[in-house]
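Throughout, read-outs are computed from the coordinates displayed, never taken from laboratory work. Predicted model, so just to flag it, every value in this text is computed and none were measured. Here the Cβ positions follow ideal geometry from the backbone for every residue, glycine too, while neighbour counts run over all protein chains shown.
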Amino acid sequence: MKPTPTQEMEQRINMRYAFAMSSFSRMYGVNRVNSTKEIDKFCTKWSETEEQINPLCTLTEVDFYFRDLWQVWGGHV
């Protein structure tokens, strides 16, 4: 059975959401991230965008990318 475009898109969104949440978990800890609805909203919004991340070499660079993006539009979701 070939996945439908909707299923593929949903899977892509879920993977992007998990990717963003893992970055915040590394920076702030799992307990804090799980108890913060704003980060959840931010990751949901980011995962649904078409924004592409330029190739980053390290997890630290990924974490700084999300931290900087959070500072720009994290509180405005």
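Using θ = phi - 60° and the Karplus form 6.51 cos²θ - 1.76 cosθ + 1.60, what ³J(HN,Hα) does each residue of the stretch 40-54 get, whole Hz, x for Gly and Pro?
Computed from phi, the couplings for the stretch 40-54 are 4, 4, 4, 5, 5, 4, 4, 5, 8, 7, 9, 4, 9, 8, 4 Hz.
Specify which residue in the list ILE39, PHE19, TYR65 is farthest towards the positive end of the charge dipole of the stretch 5-76, using unit charges on the beta carbon of Lys, Arg (+1) and Asp, Glu (-1), about the Cα centre.
Comparing the listed Cα positions along the dipole, ILE39 ranks first.
Would you mind checking the stretch 28-53 for residues with the amide N under 15 Å from a putative spin-label position 7 Å along Cα→C-beta of ARG12?
Counting only backbone N, you get 46-53.
About the Cα centre of the stretch 5-76, how large is the charge dipole given +1 on each Lys and Arg Cβ and -1 on each Asp and Glu Cβ? Please answer in debye to the nearest 20. List each step's numbers first, then the result.
Working: 8 positive and 10 negative charges, 58 e Å.
Roughly 280 debye for the stretch 5-76.
Among PHE66, PHE19, PHE42, determine the one that fluctuates most according to a GNM of the chain built with springs between C-alpha atoms less than 10 Å apart.
Greatest mean-square fluctuation among the candidates belongs to PHE19.
Step by step: find N for the stretch 5-76, compute 2.2 N^0.38 Å, then divide the Cα radius of gyration by it. What's the final number?
Values: Rg = 12.0 Å, N = 72, 2.2 N^0.38 = 11.2 Å.
For the stretch 5-76, the normalised Cα radius of gyration is 1.08.
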